[in-house]
Structures are given as structure tokens and as C-alpha cells.
Amino acid sequence: DTEVTQTPKHLVMGMTNKKSLKCEQHMGHRAMYWYKQKAKKPPELMFVYSYEKLSINESVPSRFSPECPNSSLLNLHLHALQPEDSALYLCASSQDQGFRNTIYFGEGSWLTVV
Amino acid sequence: RKEVEQDPGPFNVPEGATVAFNCTYSNSASQSFFWYRQDCRKEPKLLMSVYSSGNEDGRFTAQLNRASQYISLLIRDSKLSDSATYLCVVVTGANNLFFGTGTRLTVIP
């Protein structure tokens, strides 16, 4: 079983709603990631936090807002999403951003925007 | 040109067969290489890291060819449970990961 826990597993939201996806890891990892994955496509990087600071933002629209309250938690706040934002959102973590570190994924949150 | 190119398949092979996937990468400065497995509607899970010397884990063998800039995954004696999508991952710089599109494998009884 994955040691990266994501909630909720499924979320349906309207285009005017505000919701959040949550991610937690207790492996002592200092790098945490959000990825977006559409059907039959590979995961696409959205954000990277390193030591609780945002280090990479892959030109993600502002309707997605990440937050890292502490070294174990990573949130993704969602507001005014579009139907095309429906996807699997994967949280991941690694020991740090060193290139040899394995990235471990959570089970993902399935998001449907209606 | 894509950072990582991978044949999407599908590969349909009978049980017991040997199957190989290749993945090419464009950045010669790439530093780390991995194979991940992703089952339908599940998260990617690390299958193997790939080292220059090659590495083997049971029925799975991974190879890296830096000169030709490709990595490979060989699966021997395929099992039904090997059916999944196999993603190659290439790391350049500070955990700048690039995923291949994934190769879909179906092992047929």
C-alpha cells in the first residue's frame, strides 16, 4: 500500500465551487508534488514543493492553488474549474529533489467538474 | 522533439512469452532513469531503477544505453498479472521528471 495518502478519492464539483484536495505523507520526505493525469496520458507535473517552499510551478492556471502547511501535508485548492480540468490528480513525494530519489505516488483523487 | 519517446503499444503477448520495451530520451544530460508500472485507474508504482550496468529483479531486466540514449525493460515468462501500462521516467536536473507516454501490455492466457 502507498504511504502517500490522498483525500478525497473521488470528487465531483461544479464550476463555481471551491474545494480542496489533500495529501499526506509520513516518510519524512521533503519534496512533494502535484501531477495531473488524463486518460491514456502520462502524468503531467503541476507543482513541486521542496522544504515547504514552492520550487516549481509548471505554468498552471491560477484556478489551481497549492499550499504546503507543513512538511507532511500538501493541499491543492480548486476554484472556478472547467470541465476539461476533470482528471486524476496525483500527489507524490520523494526524499528531496535530488535526481536519484524515487518518487512515490498516492492513489490519486479522481476529479470530475460538471 | 519530445523529451521521452515510448511506443504506446498495445503489446498483446501470450503467457510465458518474453517481451521488451524501449524508451528513448533526448537530453544527454539526463541523470536517472526508472520504470514505473501503472494498473488501470491506479497510481504509478516504481518497478525498477535503471543503472548503467543494467539491473535485474526476478523476471525483469532493465538496461541503460547512454550512447544511444535509450532504456529498455525486458520481461521474461510473462504472467497475466504483468498486464499493465509501463511508464519510463527520465530525470534531468533537480527531479525534473519526464514521463514517456506509457506502453500498454496485455498478457493473454
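The values are calculated or read from the model by the stated rules, or taken from the named source; none is laboratory data. If you're wondering where the values come from, they're calculated on a predicted model, not measured in any experiment. Neighbour counts are summed over all protein chains in view; Cβ atoms, including those assigned to glycine, are modelled from backbone coordinates with ideal geometry.
What the table shows:
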quantity	calculated
All positions within region B:89-109 that are hydrophobic (A, V, I, L, M, F, W, C) and modelled with pLDDT under 95	B:Val89, B:Val90, B:Val91, B:Ala94, B:Leu97, B:Phe98, B:Phe99
Candidates B:Arg37, B:Arg104, filtered to the one that is touching a Lys or Arg at 6+ places or on another chain (Cβ under 6 Å), in a strand (DSSP E or B) and touching a residue at least 12 places away in the same chain (Cβ under 8 Å)	B:Arg37
In region B:76-101, the residues that are touching a Pro at 6+ places or on another chain (Cβ under 9 Å), within 14 Å of chain A (Cβ to nearest Cβ) and assigned to a loop (DSSP other than H, G, I, E, B)	B:Gly100, B:Thr101
Only one of B:Ser52, B:Ser83, B:Ser28 that is within 29 Å of A:Gln6 (Cβ to Cβ), touching a residue at least 12 places away in the same chain (Cβ under 8 Å) and polar (S, T, N, Q)	B:Ser83
Test: residue in region B:66-75 that is over 20 Å from A:Phe105 (Cβ atoms), touching a residue at least 24 places away in the same chain (Cβ under 8 Å) and within 10 Å of chain A (Cβ to nearest Cβ)	no
Residues (among the polar types (S, T, N, Q) and outside any loop (DSSP other than H, G, I, E, B)) located in region A:1-57	A:Thr5, A:Gln6, A:Thr7, A:Ser20, A:Gln25, A:Gln37, A:Ser50, A:Ser55, A:Asn57
Selection from region A:90-104 of residues that are aliphatic (A, V, I, L, M) and at the interface with another protein chain (Cβ under 8 Å from one of its Cβ atoms)	A:Leu90, A:Ile103
Of all residues making up region B:40-64, the number that are of a type in the set (D, E, K, R) and assigned to a loop (DSSP other than H, G, I, E, B)	4
In region A:58-89, the residues that are within 14 Å of chain B (Cβ to nearest Cβ) and either in a strand (DSSP E or B) or aliphatic (A, V, I, L, M) (or both)	A:Ala87, A:Leu88, A:Tyr89
